[in-house]
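Below is one structure, written out as structure tokens; the observations come after it.
We did not get these values from a lab; they are worked out from the coordinates using the rules stated. Here the structure is a predicted model, which means the values were calculated and not measured. All Cβ positions, even for glycine, are placed from backbone atoms using ideal geometry, and neighbour counts span all protein chains on display.
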Amino acid sequence: MKIFNFNISNFYSIFSPMQDDSKNIDSYLEENIRISLKASASPNFSLELMKRVELEKEFAKEDVKTERIVRYIIGSLTSLMVVFAIIIGFVMKTNEDGKEISYFNSLINTFSTFVENVSLTAAETFGFAFNFETGIVILLIMVCVFLFSFAEKIIFRKS
Amino acid sequence: MSEPYSEIINKIRNGDSAEFRIIADEMKDKAFSLTIKILKSKEEAEDSLQEAFMKLYRAIIENQFEARAKLSTYFYSIVYNTAVDNYKKLKSKRFSIVSIDVDDSNFEEGDDLLKKYYENEIKQSVYEERHEMSSDKKISGREVEKIIKSYIGHIPEQYSVILTMFYINDLSHEEISDLLKLPIGTVKNRIFRAKAKLKDIILKKYPEEELLQYV
């Protein structure tokens, strides 16, 4: 037995055999407007784009590495300063008590001799000695360099 | 999440940048159609589009459009804004599409240009084409298509950009209105007027019955 399968694609056409001409012209025009507006980028556009994406990815990796290193350096310096401050505080306190602490005294003496020697060498070589003022200037320069590199990084990223 | 690209976006965020090519391949031509309407030059349009894609890539990596419903809408807004910025940089003067956000006087400006185009360009191009064609006096579908192409190529930006956003980028009237900061009525009006003008031009040239053969 043969089975006939009817597929009605335009159901409404059964009831309204007269076509809406105006609507057809409109859709014809719209279709052509669509075709006319379309433009195509170069065939190698995606390839070039993906090269840029890969570069961006590499830069991002490098940024993460640099950030990690900077974080380690800042962390180490901070902990070193904290440890140093604790030691100094401890030494000062014991000195106030008037106790004999030959080990700490000799440590301070060694440190001050080292600073003195470095200061003398710097004075001979560069013409300035390490004292409180030069320390402040060096610290300020370091802060400026840090701030500049930080700001540049942010601006570079945003642009 | 209704976003069709959500899986790809997640993969990109997890470091699989090669997946970005799927988005690029799918959107590049549609986005280029919009960029070229603004920048006119192919090289400049491609550079601008590369920039827009890189902005999209960074936005994906940095989770910037988490709350947005559609990646395509978000991307086309980047494409449009980047192209306008580049136009301003390149020409270092007011972008002609600035007229997009002004009042009804722009319609007149647009219509004038369309009228001028109709008088000077269409007659020439169509008649040249007709001359080249066979002795058959009937119009061909190609002829009508050429007129439409020529018309679209000459309409001012305040029309062509909106038409591209609507027909090529599949943005809704509301989305175009948000993006261009124009009243929704203006957006609808411009689409309607551009279409009506084209229909008028075509129907003036060819009888409706004849045209219906190619529909």
Quick one: if you stick a label point 7 Å off each Cα along the C-beta vector at A:ALA123 and A:CYS144, how many nm between them?
2.6 nm
Work out the charge dipole of segment B:6-91 with +1 on the Cβ of Lys and Arg and -1 on the Cβ of Asp and Glu about the Cα centre, then indicate which of B:PHE20, B:LEU90, B:ASN63 is farthest towards its positive end.
B:LEU90
Row for segment A:42-87, column shape: gyration tensor on C-alpha, a ≥ b ≥ c, rounded if a/c < 1.5 i.e. under 1.5, prolate if a/b over b/c, else oblate; value prolate
In terms of the alpha carbon gyration tensor, root eigenvalues a ≥ b ≥ c, rounded if a/c is under 1.5 and otherwise prolate when a/b exceeds b/c or oblate, segment B:1-53 is prolate
So which GluC sites (Glu not before Pro) in segment B:51-90 end up in coil per DSSP with only 14 or fewer other C-beta atoms within 10 Å?
B:GLU62, B:GLU66
How long is segment B:6-91 along each principal axis, judged by its Cα atoms, biggest number first, in Å?
39, 22, 18
Applying 1/(1 + (r/R0)^6) with R0 = 41 Å to the Cβ-Cβ distance of A:GLU152 and A:ASP26, what FRET efficiency is obtained, to the nearest 0.05?
0.15
Find how many whole Å separate the alpha carbon centroid of segment A:52-75 from the alpha carbon centroid of segment B:150-204.
46 Å
So if R0 is 22 Å, what FRET efficiency would A:ARG68 and A:PHE90 give, r being the distance between their Cβ atoms, rounded to the nearest 0.05?
0.10
Given A:136-144, B:38-46, the highest-first ranking by average Cβ count within 10 Å works out to B:38-46, A:136-144
Can you work out the FRET efficiency for the pair A:SER106 and B:GLU62, with r the C-beta to C-beta distance and R0 = 45 Å, to the nearest 0.05?
0.20
By counting other Cβ atoms within 10 Å of each Cβ, how are B:LYS30, A:LYS38 ranked from fewest to most?
A:LYS38, B:LYS30
